[in-house]
Every structure is written in C-alpha cells, then in structure tokens.
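Accompanying notes for the structure given below.
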Amino acid sequence: MNEQAYAQLWRAEVADLQPLEMAVAGGHMATDLAQVFVAGYQAAIRATFRVNDKGWVAYVVSEDRTPSQRHLAVTYNTKSATISGVKTWVAALENIASLLVKAGQGEDACYFLLPVEANGIQLKSRLPGQFLAGLSQGSVEFRRTVVQPQQHLDGSTARQFRFLEPLYLYVAFLAFIKSRWTDSRQVDELLSLAAILASADFASAVTAQQFAVLDQGVQDCMRLLDAQPLSGLPSWAVDRRLMEMYSKGIQQRALRLSAE
C-alpha cells in the first residue's frame, strides 16, 4: 500500500477518532514504518493543538537558520494579516490537506492552520532519501498568504509536541507490530502505559521516568524484531532508526529530573 492509498484509508477509517485511538488504528493498518510515522504524527498534532481536520495536517516548523538564509524565516505581518517565508520540511507533502504553521520564535510565536490550496502557498516536492523513502517530503513557501481570524490557533500547548510526537509514534509502532508479535502481552502492557502517559504531566519527574520505561520497552521490541525475518518490509533496516531517534533524549531527561 503506497502513501496515497494509506491516506485514503486513513480518512475513511481513522479521521474521526480521538488521538490515542487514531494512533492505534493508524499504526495497525500501516504497511511500513513511513506510514507508522504518519499515524503517530497525525495523532500528536491533534493531541497538541486540538485541531479538527478530516485530512492530513503537516506541522511546518523547520527553517534554514544559517545567517545567509535567515531572511527566509516565516514571519507574520500583523497589519496585513499575512505570512511570508519558507519552511524547509513538509511531511507527506503529496497527501496533506492543511498546514499547521509556526511563525516566529519563542513566546512571540504564532500558529495558524491553513488549507494547502490557499493563495500564496507554494509546495515544492523533493526526492526522498533512503530513510523513510515511502514518505513524500518537500518544502513550502508562503508569499503574503492571508490568514483569517478563524485560522489562528492557540499555541499555549505547542511545547507539548516534543513529548507527544514520540509518545504517539510509539503507540502507532506498537499497534503496527502487534500482529507480528508471537506473544502480544508485552505489547499490550506497553500500550497501557502509553495510554496513561497520554494524559500525564510531562513536567513531572514521575512521568519522565514512566516515559523512559515505555521507551526502553519499545527499544527491546526493536531488538527482538531485528532477529526476525520481516517479510514485506525491505525498508526495515534503514527505517528502524525512526524508533531510536527520541530514545537518548527521553532517557537523559528522566535521569536529569530524577536527580533534581
């Protein structure tokens, strides 16, 4: 199943679910780790920003911060109510319906949800690399794109995305591997812990430690899967690092908060 087919199935069967259920259902029907990423990513966006969108949303944050390119950073003009600039990474570019745009930095950042067909939005695709080759990717340029009042989002919870993205990605991954697992009890236990974390306070040391336990469980599953022939997943050897990307930070944060 390619990305377009997965997107159609997602809209039909997953779009109306709550974030935790969305990650489980999306992960269960995924056929590779690129789709597992999308499943967790879509759930995390909705859990963080409470957006209600029946199609895929790309959270566009990344910018080229080199001195010669800083003038391309996305900015919001309050007088004209327009945004301009470039975001350098858009996930699932060929199948997204909306862009969740961050304009500015720090406490002054603004957040908007814009349809991809809005005037002044230009998507540019690029060939994927070996990592997550099944995920369409690219960049987006905003050229004095008008932002309507109803398209402003509350960004007060934006900082939670750095926790919720790996959390829901882990949920989608666990749902993905459950059918490939000889004994699903370990996976079910990890999913139960993830459900607790979905409503937990990530500023808490206890939550950080629980997150570290979940992460360790996911990494253990990865190692066990490495020893199994994963038929139909030729990209496993490369894409498996998706599940390792967040581990070091999760473990270090748990140690730091427990020591305070």
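Every number in this text was worked out from the coordinates using simple rules, so none of it is lab data. Not measured: the values here are computed from a predicted model. Heads up, the Cβs are rebuilt from the backbone with ideal geometry, glycines too, and the neighbour counts pull from every protein chain shown.
Work out from phi, with θ = phi - 60° and the Karplus expression 6.51 cos²θ - 1.76 cosθ + 1.60, the ³J(HN,Hα) of each residue of the range 97-113, listed in order in whole Hz, and give x for Gly and Pro.
Residue by residue, the range 97-113 yields 9, 9, 10, 9, 9, 9, 10, x, 10, x, 5, 8, 5, 10, 10, 9, 10 Hz.
Give a residue-ordered list of calculated ³J(HN,Hα) values for the range 64-69 (Karplus: 6.51 cos²θ - 1.76 cosθ + 1.60, θ = phi - 60°; whole Hz; x for Gly, Pro).
7, 9, 5, x, 6, 10
Taking neighbour Cβ counts within 10 Å as the exposure measure, how do H28, H71, H152 sort from fewest upward?
So the residues, fewest neighbours to most, are H71, H152, H28.
With log10 I(q)/I(0) by the Debye sum over Cα atoms at q = 0.07, 0.12 Å⁻¹ as the read-out, I listed (i) -0.34, -0.91; (ii) -0.25, -0.74; (iii) -0.29, -0.75; which label goes with the value calculated from this structure?
Of the labelled values, this structure produces (ii).
Tell me, what HN-Hα J-couplings in whole Hz come from the Karplus equation 6.51 cos²θ - 1.76 cosθ + 1.60 at θ = phi - 60° for each residue of the range 142-155, using x for Gly and Pro?
Once θ is set to phi - 60°, the couplings for the range 142-155 become 9, 10, 6, 6, 6, 10, 7, x, 6, 8, 6, 10, 6, x Hz.
Springs between alpha-carbon pairs under 10 angstrom, Gaussian network model over the chain: which of L233, L174, L153 fluctuates most?
Judging by the Gaussian network model, the answer is L233.
Measure off 7 Å from each Cα along the Cα-to-Cβ vector at R256 and T82, then give the distance between these two points in nanometres to one decimal.
My value for the distance between the label points is 4.1 nm.
Which shape class, rounded, prolate or oblate, goes with the range 59-107 when its Cα gyration tensor gives a ≥ b ≥ c as root eigenvalues, a/c under 1.5 marks rounded, and past that a/b bigger than b/c marks prolate?
Note, shape of the range 59-107 comes out oblate.
Quote to one decimal, in nm, the extra length available between S204 and N2 on full extension: 0.36 nm per residue of separation minus the C-alpha distance between them.
Contour length minus the Cα-Cα distance gives 68.8 nm.
Could you pull out every residue, at least 5 positions away or on a different chain, whose amide H is within less than 5 Å of the one on L153? Hs are placed 1.01 Å off N in the peptide plane, and Pro or chain starts have none.
Result for L153 returns Y111, F112, L113.
If R0 is 51 Å, what FRET efficiency do you get for A12 and Q69 from their C-beta distance, rounded to 0.05?
Working from the Cβ atoms, E equals 0.80.
Restricting to bridges with both residues inside the chain, how much of the DSSP beta-bridge set is antiparallel, in percent to the nearest 5?
Here the share of antiparallel DSSP bridges comes out near 85 percent.
Within the chain, how many Lys pairs that are eight or more residues apart, or on different chains, come under 24 Å at the alpha-carbon?
Within the chain, the lysine pair count is 8.
In whole angstrom, and with the biggest value first, how far do the Cα coordinates of the range 66-153 range along each principal axis?
43, 31, 22
Can you sort V147, V51 from fewest to most other Cβ atoms within 10 Å of each residue's own Cβ?
Going from sparsest to densest Cβ surroundings: V51, V147.
Let a ≥ b ≥ c be the square roots of the eigenvalues of the Cα gyration tensor of the range 202-250; is it rounded (a/c under 1.5), or, if not, prolate (a/b larger than b/c) or oblate?
The shape class here is prolate.
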